[in-house]
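These notes are about the structure you will find just below.
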Amino acid sequence: MSQSPRQARPLFCGNWKLFGSLSESLALATGVRDGVAPGPVDVAVAPGFVALASVVAQLKGGPVAVAAQDCHWETKGAFTGEVAAAQLADAGCRYVIVGHSERRQFFGDTDTTVAKKTRAALAAGLSPIICVGEMLAERDAGQALPRVGTQLDAVINEMNEADLLASVIAYEPVWAIGTGRNATPAQAVEVHAFIRGRLTARIGAAARKVRILYGGSVKPDNIASLMSEEEIDGALVGGASLTVESFVKLVKEGTAACLRS
Ligand code: PEP
């Protein structure tokens with residue numbers, strides 16, 4: 001277990017990706033809302049764009065916030081098919097995921113565009129959940145930390161303390177996403193500590209308050225060992241967030257582990 005006490009309020013965010021009709025999204029959101037009590041952690045869900053406003057209305061006043069899965073960096077203009085960060089804020093979102101590895105792999109997101117999306121999110125008053133993480137070949141070549149460092153620096157280099165405190169970093173090793181193969185707590189801690197070091201170099205001790213989530217095949221039965229590590233401030237969860245039972249159990253197990261650590 002790491003030595004320094006966790007200073008960031010944990011966050012568990014479910015990423016629903018391209019799953020769910022409007023009625024399925026509302027049912028899932030309602031179940032999560034009813035299953036998690038307000039407590040010492042934050043909980044969010046990230047439905048598809050079409051369901052965002054309805055899910056926001058459904059969750060209003062409750063303990064579960066809403067995240068979008070992506071945004072564009074411009075505020076308006078001829079960008080067919082894109083959604084601006086300000087539109088997401090207007091719809092009631094609190095967070096937006098930027099730089100998810102699926103966006104980087106399949107939709108051309110780069111370190112440069114992720115930095116632009118992050119700036120747009122902050123300007124719109126959203127908290128960006130900034131995803132970084134290495135490919136399996138990079139890990140096998142001993143390049144995990146340099147790769148994550150490059151991705152991170154591209155985004156944080158122009159950010160000040162307030163920007164960073166409003167942001168969330170998600171370390172998601174690409175080889176662990178949707179594969180059932182999660183990083184061990186020790187592997188995650190090594191990268192989280194590296195990220196924390198980079199943040200500390202920019203904003204000093206306040207870096208301990210920036211939430212660094214782990215993502216990659218997090219399940220109800222492995223969340224406790226991850227959350228017993230004080231370097232890990234929560235989780236970005238794909239597959240295990242798609243049923244009420246699994247996500248609520250994961251949040252409960254994760255919260256209990258935080259309280260014990
Ligand atoms: C994700 O989508 O960010 C993710 C971590 O997915 P999974 O939990 O399914 O690996």
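The values are calculated or read from the model by the stated rules, or taken from the named source; none is laboratory data. Bear in mind that the values here come from a model prediction, so they are computed numbers and not experimental data. Reconstructed Cβ throughout: ideal geometry from the backbone, glycine too, with neighbour counts over all protein chains shown. Each accessible area value is taken on the protein alone, full model and side chains, heavy atoms only, with ligands, DNA and RNA left out. Shrake-Rupley method; radii C 1.70, N 1.55, O 1.52, S 1.80 Å.
With a 1.4 Å probe and all protein chains left in place, how much of the accessible area of the chain comes from carbon and sulfur atoms, in whole percent?
Numbers: 5980 of 11000 Å².
Within the chain, the accessible surface is 54 percent carbon and sulfur.
How would the stretch 2-96 be classified by its alpha-carbon gyration tensor: rounded, prolate or oblate, with rounded meaning a/c under 1.5 and the a/b versus b/c comparison settling the rest?
Working: a/c = 2.23, a/b = 1.35, b/c = 1.65.
In terms of gyration-tensor shape, oblate.
At R0 = 51 Å, how high is the FRET efficiency between A256 and F107 if r is their beta carbon distance? Nearest 0.05 is fine.
Taking R0 as 51 Å, the efficiency between A256 and F107 is 0.90.
Which whole-number percent is the relative contact order of the stretch 11-260 (Cα, under 8 Å, 6+ apart)?
Here the relative contact order equals 19 percent.
Looking only at GluC sites (Glu not before Pro) in DSSP loops with at most 15 other Cβ atoms within 10 Å, what is the longest site-free stretch of the chain?
Working: sites that count: E74, E82, E158.
It runs 159-261.
Restricting attention to the stretch 17-69, which trypsin sites (Lys or Arg not before Pro) occupy a DSSP loop and are surrounded by at most 14 other Cβ atoms within 10 Å?
Values: sites: K17, R33, K60; in loops: K17, K60.
Here the trypsin sites (Lys or Arg not before Pro) that fit, given the DSSP loop and packing criteria, are K60.
Exposed loop chymotrypsin sites (Phe, Trp or Tyr not before Pro) only (DSSP loop, at most 15 other Cβ atoms within 10 Å): please give the longest stretch of the chain free of them, not including the sites. The partial results should precede the final answer.
Working: sites that count: F19, F79, F107.
Value returned for the longest uninterrupted segment is 108-261.
Cα centroid distance between the stretch 91-133 and the stretch 139-181, in Å?
Centre-to-centre distance over Cα atoms comes out at 12 Å.
Take the Cα radius of gyration of the chain and divide it by 2.2 N^0.38 Å, with N its residue count; two decimals is plenty.
On the way: Rg = 16.9 Å, N = 261, 2.2 N^0.38 = 18.2 Å.
Cα-based Rg divided by the globular estimate yields 0.92.
Test of understanding: in a Gaussian network model of the chain with alpha carbons linked when under 10 Å, which of D140, D42, D153 would top the mean-square fluctuation ranking?
For the chain, modelled as a Gaussian network with Cα springs under 10 Å, the answer is D140.
Are there DSSP H segments in the chain that both extend 15 Å or more along their axis (alpha-carbon positions) and score a mean Kyte-Doolittle hydropathy of at least -0.5? List them, or say none.
On the way: long enough: 22-35 (20 Å, 0.33); 111-123 (18 Å, -0.21); 144-156 (18 Å, 0.76); 185-203 (26 Å, 0.25); 244-260 (24 Å, 0.46).
The qualifying helices are 22-35, 111-123, 144-156, 185-203, 244-260.
Check I97: other-chain or 5+ apart residues with amide H under 5 Å from its amide H, H built from backbone geometry?
The answer is A68, Q69, D70, I129.
In square angstrom, what is the accessible area per residue of the stretch 11-260 with a 1.4 angstrom probe?
Working: 10240 Å² over 250 residues.
Computed with neighbouring chains in place, this is 41 Å² per residue.
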